[in-house]
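The values are calculated or read from the model by the stated rules, or taken from the named source; none is laboratory data. For clarity, every value in this text was computed on a predicted model and none was experimentally measured. Positions of Cβ are backbone-derived with ideal geometry, glycine not excepted, and every protein chain shown enters the neighbour counts. Just so you know, the surface numbers come from the protein's heavy atoms only, side chains and all, with ligands and any DNA or RNA stripped out. Shrake-Rupley method; radii C 1.70, N 1.55, O 1.52, S 1.80 Å.
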Protein chains: 2
Amino acid sequence: MVRLLADPARAAIVDALAAGPACTCHLVEDLGLSQPNVSNHLRALRHAGVVKAEPYGRYTYYHLNADALDAAAAHLTDLAARARATSDNRREC
Amino acid sequence: MVRLLADPARAAIVDALAAGPACTCHLVEDLGLSQPNVSNHLRALRHAGVVKAEPYGRYTYYHLNADALDAAAAHLTDLAARARATSDNRREC
DNA sequence: ACGGGGCATCACCAGAAACTGATATCACCA
DNA sequence: TGGTGATATCAGTTTCTGGTGATGCCCCGT
């Protein structure tokens, strides 16, 4: 899930969607990417549950899934917490 | 920064280090990866500030930088918060 | 119902990134 | 001080992934 935010284009899409739901054409226009490219990224994000698609007539509106983002954040927070808790458990070679 | 956790091998390294500081040989053994491979991943993580290296005689101990993980988590949390706050601002085409 | 625009999907290509093998360096120990 | 083990680095290969072009579908307006 975090894996998907690695690509700059996908990070830009997520960032743009943080400003509110938008349709594919908005993203294509705002980010200056090709339409198939945006569509492919959206598919990846959709399959991972990071964004949700909402057909609206001829358009498709996308919005972020805040819960998924929170879950990813929680995972990182957990790693940080575990790192702090075990910082003295140095393993011997 | 989040970008680095995309690779499964690096995610595994970070996960292993969450259990406590360890030297390169531990990671090589635990993850079943080649030593140069692990070293290269550690270099990438080191340069991004995700892990810190600590020379210890002939060995090099690595430990996670909890602050960096928290910063990444905060970024995701911020995205989620913005997504919730703007969920009604649907842009018209 | 016909034309057009928005969107998704697919096949392909190019660039990037990971893994490997060889090698250099350094610290420890006998 | 020579040998060994741990680590880092580098060049080369392979694998993966993102971008593009072409195409088809669907919905809307006329």
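The figures follow:
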quantity: Index of the failed condition, B:ARG43 passing every other in (1) farther than 15 Å from B:ARG10 by Cβ; (2) within 14 Å of DNA strand C (Cβ to nearest atom); calculated: (1)
quantity: Those residues of segment B:2-15 which are within 10 Å of chain A (Cβ to nearest Cβ), more than 12 Å from DNA strand D (Cβ to nearest atom) and either of a type in the set (A, V, I, L, M, F, W, C) or more than 19 Å from A:ARG82 (Cα to Cα) (or both), in sequence order; calculated: B:VAL2, B:LEU4, B:LEU5, B:ALA11, B:VAL14
quantity: Scan of segment A:56-78 for residues that are within 15 Å of DNA strand C (Cβ to nearest atom) and over 14 Å from the mean Cα position of the chain (by Cα), ordered by number; calculated: A:TYR56, A:GLY57, A:ARG58, A:TYR59, A:THR60, A:TYR61
quantity: Segments classed as helices (runs of 4 or more DSSP H), wholly inside chain A, with at least 2 members that are farther than 22 Å from B:ALA71 by Cβ, open to solvent by less than 40 Å² (accessible area, probe 1.4 Å) and free of Cβ contacts under 8 Å to residues at least 24 places away in the same chain; calculated: A:24-31
quantity: Qualifying residue in segment B:29-37 (condition: over 18 Å from A:THR86 (Cβ atoms), of a type in the set (Ser, Thr, Tyr) and more than 12 Å from DNA strand D (Cβ to nearest atom)); calculated: no
